[in-house]
Amino acid sequence: MEKGETSTKIISLGTSFLVILTEIKSRCNIKLYKINENNDILDNKNSIEKTITNNIEDNCDDVPAIGNCGLYINKEINEDTSFELIKKNINYSGKLWVSIFPIEKNNHNNNSDIQYDNYLYEFISTSNAIYDYGKSRVVFYGIKKNYKGDYYILKLKEINGLSCSIEPESICQINDKYLCIGLQKQKLNHQISGFAFIDIIKRDISRIIYDNEISCLCYNTKNNLLFASMEINNEKKSYFSTKIYKIIQNKSDKGNDEIELKKIYQYNSSIHTDTITSIQQMTVSYFKINLEKQNIMENIIFVTSSKDSTLEVVKDELI
């Protein structure tokens, strides 16, 4: 990368590609990397792991004292050549993007070049008009390979008017049909906060559900739970909160798919003093039956991190 360039989001497309979103000064780059087929990746990985293990075992003095951040090794660090840069930047318009996210489609085979809808892989980028070089929109991209064997990226479609969250971890895929994108109103006209459900087959908006300013999302497929952290502003004070929703999918009278959110839990943090940027569910530990209320209680654990360098682990019971 260039001097002063920092990566803000990295995604993988199958086992062959990496897409990296970077920022440098007032512009934004989207880079495409592909695995170097000439390298023996497995041997390279094993060699690196063996070197790191030996270094740690042979030189325990490299471990920093408690209170310092990170773990360093006073040995030579080699560049990983597993991936090679094949597209330096596809963001030629100079627009500022806040996040990127891969799209997984049901009949896509990650281990081959079998194409779905004529594209090997797809991903989206999101933005918000609050930035000078931004625009409230979602853009779909597709990767193709030409007859010479070269890979290239095409812009497939734009959805305009969505004030996407300015935090990178604000997108998740619900199932084979829907993406969920967090929205944030940034004191600009016509902006909204809440959730946008995107039909990834039609590449269009399926439904918008209004809520607070979403900063990050996490979806648990096994439990069908959508976790959303947000900032809540009212007349008395502002605070940071996490809500948990059950996702309900129904059929309308006309046979069309409909998606709804049922809020089942809300936790208002007393620890975070700045935007929550990441949320992850941990293992559900047990179920128990509440005979008095005649329902089943589920013990849930999740962890959040925020811009104020704070981690918070929350354990509670869900009905």
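The numbers here are math on the coordinates, done by the rules we state, and not lab data. Since we're looking at a predicted model, the values are computed, not measured. Cβ atoms come from the backbone with ideal geometry, glycine included; neighbour counts cover every protein chain shown.
Distance cut-off 26 Å, Cα to Cα: go down the list Lys25/Lys237; Lys155/Lys202; Lys185/Lys243; Lys95/Lys243 and report the pairs above it.
Working: Lys25/Lys237 34 Å; Lys155/Lys202 15 Å; Lys185/Lys243 18 Å; Lys95/Lys243 32 Å.
In this structure, Lys25/Lys237; Lys95/Lys243 exceed 26 Å between Cα atoms.
So what's the net charge close to Phe197: Lys and Arg +1, Asp and Glu -1, counting the other residues with Cβ under 11 Å from its Cβ?
Working: positive: Lys177, Arg207; negative: Asp199, Asp204, Asp257, Glu258, Glu260.
The answer is -3.
How would you rank Arg27, Arg203, going from fewest to most other Cβ atoms within 10 Å of each one's own Cβ?
Working: Arg27 15, Arg203 20.
Ordered from fewest to most neighbouring Cβ atoms within 10 Å, Arg27, Arg203 come out as Arg27, Arg203.
Among rounded, prolate and oblate, which fits segment 103-229 when a ≥ b ≥ c are the square roots of the eigenvalues of its C-alpha gyration tensor, a/c under 1.5 means rounded, and a/b larger than b/c means prolate? Intermediate results must be reported in sequence, preceding the final value.
Values: a/c = 2.51, a/b = 1.49, b/c = 1.69.
Since a/c reaches 1.5 but b/c is at least a/b, the shape of segment 103-229 is classed as oblate.
In whole Hz and in residue order, list the ³J(HN,Hα) couplings for segment 239-246 that follow from phi through the Karplus curve 6.51 cos²θ - 1.76 cosθ + 1.60, θ = phi - 60°; x for Gly and Pro.
3J(HN,Hα) across segment 239-246, in whole Hz: 8, 10, 9, 10, 10, 10, 10, 8.
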